[in-house]
Structures are given as C-alpha cells and as structure tokens.
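Everything below concerns the one structure shown next.
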Amino acid sequence: MAAARRAPLGLLAAGALIGAAAVLPAAYLVVVIAGDLSAALETALSSRALETLLRTAALTAAVVVSSVAIALPIGWLTVRTDLPARRLWAVLCTLPLVIPSYVGAYLLVAALGPNGMLQEALGVDRLPSIYGFTGAWLVLTLFTYPLVLIPLRATLRRIDPQLEDAARAMGRGPLEVFRTVILPQLWPVLAAGSLLVALFTISDFGAVSILRFQSFTAEIYVAYQSSFDRVAAAALGAVLVVSMLVLLLASSRVRGARRVHRLGPGTLRPTQPYKLGRWRWPALAFCSLIVLVAFILPVGVLIYWASKGISTGSTSLNTIAALGGNSLLIAVWAAAVGAIAALIVAALAVRYPSRVTRVIERLAHAGYALPGILVALGLVFFATRAVPALYQTIALLVFAMTIHYLPLAVGPIASSLVQLSPRIEEAARGMGRGPAEVFRTITIPLARGGMMAGAALVFLHAMKELTVTLILSPIGFKTLATDIWTQTTYGFYEASAIPALVLLAVAAIPVYLLSEQGAAPS
C-alpha cells in the first residue's frame, strides 16, 4: 500500500488557520468558565438551569417523536406504494423546509394569536393562548420533519428488496414485513434524522422567543442582553453543549449497533410498489393535511398579511430592497468564503489523509456543533479583546456565518473529490506544475459541482440565520431575518409579512438547485 502523500505546506497552513478559526467559539466557553469557575458552576447547577434543561428536553423529545411520526408514513407512501402522484407529494412534503422556524412562529401568532386572523374572523375578545410549549412544539414539528423525511426516502430507495421477498415467501403479511424487515433497516437513518431535529430544536432561538417558551438558547440570550453576564451565558452554554454531545453519542451508538447488508452484489432491482387499495384515500388525505398545515396555510397567512401591509403602506419597497440587499450581501459573501475554506479542508482530508488533516477536518466542524448564539458570543468575546476594530462589522458577521456553516460545504465538496480520480492531479504534478498551480487549475475545476452545492447550502442557511445576525450586526444594519423578528416581537404582522415572503422566495432558489443536484438541503 502506497504511503499517503504529504500535503503542500501552504495548503496545510491554510487548513490549520481555518480549523483554529472554527474552534474559537468553543474556546470562548473554556476561557470564560475557567476565569470564574465557582460562578459558572453555581449557574450551571442552579435550580433554574435544571428547570430550563428539563423544559428543553421535553420540547426536544416531543418534536422528535412527532417529526418521525409524520416523516415515516410520508416516506413510505412516496417511495414504496402506488400512491397517486407520489413524486409530486414527495416534493410538496419537503417544501416546509424553506420556511424558517421564526417565520413559522410568526405565522402561528399572526393566525391564532391576539388580534390575529382567527380572532378577527370570529369577532371574539380572546382565544386560547398559543404561546409556550404547545406553540413551540407545533411550529418546530411542522418545519423540521423534512430533516427526517429527506434521508429516510433516500434509504427506502436503497433497501434490498430480496429481504422483503424472502419474508413474504414465508407467509408474512405487509405489516409484519414492515415491522420485522424494513423498520430495523431504517433505525440508523431514523436515528440520524432524529438527531438533526433534536439539535435544531435545542439550538433554535427565533421560534421559542416569539412563542415565549423559555428554552436554553432564550435563557442564554437573556443572560447576555440583560446584564452582559458572560459567565452565566457561558455556563448555560456549556450545559447546552454537553446535552448535545450526549445526543450525538446516543445517536452514534444506535447507528453503529445496527448495520444492514445486502444479500448479493450488483445493482438493486426495482421494487414492486405496495398496492394501497382502499387505503389510497386515507393516504392522500394524510399527505394533503400535512402539506396544507405545514406549507399552504402558512403561505396563505403570509399573503393575507402582506396584502394588508401593501394596502395600508406598512412597508415601503425601498425598505424591502434594502433589507433584501443586506441579507444577500451577507449570504453571498458567506457562501463564497465558505466554499473556498471548505475546499481547502476537503482537499486536505481526501487527497492528503493523515492524522493532522483528520484533526483539521474535525476542528472545522466545531462551529456547526454549537448553537448560533454561542458562536456569536464567542466571536464577540475574542473580537472585543483581540481586534476591537472588527467588532460590529460586516466582516465579523460574514466570518461568523462562514465558520458556523462551514461543514455544510465540506460534505458536498469532499464527496465530489472522492468520486474523482487523483491521477489527473498527479499527471499535472508530473509535468512540473507546482502545488498551487495544480490546486488552482485542476482541483478547483474538478470540485466545481461540489463547491456549488456547498455554497448553496451555506447561502440558504446564512439567508435564514437570525441569532448570529442579531448579536453581531453593525448598529443600524438590518436583514430580512432580523426585521421579521423585530416586527413580530411588537405584533406588527403586516410590516413583517412582505419581508417574510421575500425571504421564502429567495430561500426556495437554493433548495430547488440542491434538489436538482440530489443534495439534501438538511
């Protein structure tokens, strides 16, 4: 076996800088807690922290269970049955992913909250409260279940049908085949999708804030904004990170303990779809209900309030253009810088595998493993001490978005490099070209498809990002996300509807491009 080639020094140095930058927010927690360990322990072990942890855990468990309960039947119906127009239903059922959770929360309040559409239509003084646990659970479920659905459908398409044929030949019925043959093969992907939903729920800030649910991220934000208590914020953040690590470990064990193998080599033959028979109409009704509640009604509510905003002149086109321009500025820069940084990390990991490059790759994931609020607070801490001129600048905001969403771009680029033979690069080096020239003229063009997919993912998430933008934006700098959050906080539904529609329209573009390339937007 040939020894791995040594990475060019310049590429290795660039990768090391990227890894060090990505780990800065995690280092913030260590530095701040070490500076006042007794106060940090007092906060982390307080009864309030325990109550917040239990509330967040209860919400997370409820959202995970309900997301799986929605995604599993939809995935089965759209892949393995003769559901009419099942490919169309597959697309429609993933559309809620376009809607940010804080927009979903705003829409719930605008429709069912005080002075909302339902109260106005019924002409009553008040309605049952939609704030708190119930509202947060409903919103996070409706707009995160596609994180389970997308990988689930991909796995269902790859399951070896010979296992099902063997079970049916033994006289087992459809339900028993599903329970004993198919479901065990889905455990790893269900664990992975559930992990995504759980991490999203734990780190969410916008939806829980609008719906007045006191989760960990909301408590951290309050601790920072109300008293600028960095020790309390860091201590709560450490508890949050430990909780997320426990989830990661549990998910890893579930996925590692259940491995499924095909019965034979070769290409999988197409599976015969299960005939729904009399269950066709209930299946269509279920899919229709989910699409109605999770996409059509939210968009309808947006259009309703947007039309009222236009008629009353609540939002000017110049304001919308400025907000959209600011959002695009941050998202485009983050996507461009993120794609370049991700290419460096991916090239080191794929083309020059070693202990050092593996460490760099893992460090690059540190920013994404933390909630956005901790990434932002960590960069505030280091910027105000090391480079004060960088604090509250566009550059720092782009930097935060880049390190937070860097792993989203590393994945597609690494996949594209793995699929491409390194012999072309080796041939170029054999012709006397230097490492920098080979990287510029060979590696980058070869990885262009992966870079586009990675950039689209970073762009999508940067457009929707709320917490990082709220904390790190320059004074007076507003984006579509921050304007929606601010207007909704004060109950100005008409003023926030048009920015929300614009945000959804822009976010739909990368989702469409990713679906065309076969990349999962999650």
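The values are calculated or read from the model by the stated rules, or taken from the named source; none is laboratory data. If you're wondering where the values come from, they're calculated on a predicted model, not measured in any experiment. Reconstructed Cβ throughout: ideal geometry from the backbone, glycine too, with neighbour counts over all protein chains shown.
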Hey, F399 assigned by TED's automatic domain parsing to the domain that holds V345, aromatic (F, W, Y), assigned to a helix (DSSP H, G or I) and touching a Phe, Trp or Tyr at 6+ places or on another chain (Cβ under 7 Å) or not: no
Residues that are modelled with pLDDT under 85, out of contact with any Ser or Thr (no Cβ under 6 Å at 6 or more places or on another chain) and either surrounded by fewer than 21 Cβ atoms within 10 Å (Cβ to Cβ) or within 14 Å of A16 (Cα to Cα) (or both): does the stretch 376-393 have at least one? no
Criterion violated by Y490 - all others in (1) more than 16 Å from the chain's Cα centre (by Cα); (2) modelled with pLDDT of 85 or more satisfied: (2)
Got a sec? Which of V350, V380, V356 is within 28 Å of I202 (Cα to Cα), in contact (Cβ under 8 Å) with a residue 60 or more places away in the chain and in the same structural domain as I484 (by TED's automatic domain parsing)? V380
What tally of residues in the stretch 313-337 results from selecting those that are outside any helix (DSSP H, G or I) and either in contact (Cβ under 8 Å) with a residue 24 or more places away in the chain or touching a helix residue (DSSP H, G or I) at 6+ places or on another chain (Cβ under 6 Å) (or both)? 2
Select the helices (runs of 4 or more DSSP H) contained entirely in the stretch 1-120, then report the ones holding at least 3 residues which are out of contact with any Ser or Thr (no Cβ under 7 Å at 6 or more places or on another chain), farther than 30 Å from V511 by Cα and not β-branched (V, I, T). 9-22, 24-35, 37-44, 47-80
Working only within the stretch 195-218, note down all residues that are assigned to a helix (DSSP H, G or I) and surrounded by 24 or more Cβ atoms within 10 Å (Cβ to Cβ). V197, A198, T201, G206, A207, V208, S209, I210, F216, T217
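State which residue is surrounded by the fewest Cβ atoms within 10 Å (Cβ to Cβ) when the search covers only the stretch 58-94 and only residues that are of a type in the set (K, R) and in contact with a helix residue (DSSP H, G or I) (Cβ under 7 Å, 6 or more places away or on another chain).
R86
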